[in-house]
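For reference, the structure is listed below as structure tokens.
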Amino acid sequence: MQAQTVYLNGEFTPIEEARIPVLDRGFIFGDGVYEVIPVYSGYPFRLVQHLERLQRSLDAIKLANPMTLARWSQLVRKMAKLHATWKDQAVYIQVTRGVAKRDHAFPSHTEPTVFLMSNALSVPDRKHVAEGVACITATDNRWLRCDIKSTSLLGNVLMRQRAAEAGCIETIMFRDGFLSEASSSNVFVVRGKQIAAPPNNHLVLPGTTNDVVMELARKAKMPLVLREVTEDEVRAADEIWLTSATKEVLAVSRLDGKPVGSGKPGPAYKRIYKLYQDYKRTVMRRA
Ligand code: PDD
């Protein structure tokens, strides 16, 4: 088994030995941000975009970036190298506001806590790809800054747990009658020939995988629009897709117990899935 080494504040340590103080604001308040970077055959995929998103999250919570882009890149590559027996990996970065006496307001002088780890990245289950997955829906009751990749994930955690308890993969959320996203994925819908997805704003996380899916769809001249998508449209969709770094692109075949379209992954999904796999083989593994 691959031993797991983590990076914590300048040190590389076995995961079992890494410790953070109980007053870390990440532990006390969830006062931190994170990234999950897929690494294919040793190549971190869209590393710069992930690090730019990290910068935007840090800016949004007014936390100075503790490292340069070059240093982050070096660390991510080192984490990947340390776990090279895994063909594909997901490198996790977390930065918190550091350790301070408990007070909601920011401490005046604290070093941020910087943590990296890597986990094996497995491709989605074949059965899920072939048959699609089941999802439930819920009202999006999270805060209004879902664009920040914050470690304060209780809203997402509760949504994902609802899905797990219903034997489903994800909870797809609606805010004021419009689609936002799922608990840890972005969502696309297909109606007729048109693919639609909500635009990036404060209500959704700007996903890196949905960027790839959009680029591939546009390149293949599949009609794609970014616009508000109503709850009724989602319920009447021919196809629904989920995207994330770990799910790639997955078809939703049942929503709230009812079949989506034909109840099987549709033609547009099959096309985009193939484009994604081709892209993974020809580009992501050689980035
Ligand atoms: N989550 N929306 C939410 C709320 C997410 O948590 C994620 C990813 C996405 C998709 O983003 P990306 O395509 O960049 O992975 C959308 C990661 C994988 C996680 O929290 O583990």
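A short reminder: the numbers here are calculations on the coordinates, not readings from a lab. Quantities reported herein were computed from a predicted structural model and do not represent experimental measurements. Using ideal geometry, Cβ is built from the backbone for each residue, glycine included, and neighbour counts are taken over all protein chains shown.
Laid out as a table, the results:
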{"read-out": "Alpha-carbon centroids, the range 225-251 and the range 95-143: separation in whole Å", "value": "21 Å"}
{"read-out": "Normalised contact order of the range 5-120, rounded percent, pairs of Cα under 8 Å and 6 or more residues apart", "value": "37 percent"}
{"read-out": "Ranked list, fewest to most other Cβ atoms within 10 Å of each Cβ, for Glu239, Glu233", "value": "Glu233, Glu239"}
{"read-out": "Of Leu63, Thr85, Leu154, farthest towards positive along the dipole that unit charges on Lys, Arg, Asp, Glu beta carbons give the chain", "value": "Thr85"}
{"read-out": "Percent antiparallel among DSSP beta bridges (both partners in the range 68-177, rounded to 5)", "value": "60 percent"}
{"read-out": "Exposure proxy order (Cβ contacts within 10 Å, fewest to most) of His50, His128", "value": "His128, His50"}
{"read-out": "Lys, Arg +1 and Asp, Glu -1 on Cβ, resulting dipole of the range 5-120 about Cα centre, debye, nearest 20", "value": "220 debye"}
{"read-out": "Of every Cα-Cα pair in the chain, the percent that sits beyond 22 Å", "value": "60 percent"}
{"read-out": "Footprinting exposure proxy for Thr5, Thr282 (fewest neighbouring C-beta atoms within 10 Å first)", "value": "Thr282, Thr5"}
{"read-out": "Around Lys221: net Lys/Arg minus Asp/Glu count, Cβ-Cβ under 13 Å", "value": "+3"}
{"read-out": "Neighbour cut-off at most 16 other Cβ (10 Å), DSSP loop, chymotrypsin sites (Phe, Trp or Tyr not before Pro), the range 125-192", "value": "Trp143"}
{"read-out": "Summed residue charge, Cβ within 14 Å of Ala18's Cβ, Lys/Arg positive, Asp/Glu negative", "value": "-3"}
{"read-out": "Residue among Ala134, Ser108, Gly192 farthest towards the positive dipole end of the chain, charges placed on Cβ", "value": "Gly192"}
{"read-out": "Gyration tensor over alpha-carbon atoms, the range 126-286, equivalent ellipsoid semi-axes in Å", "value": "22, 18, 16"}
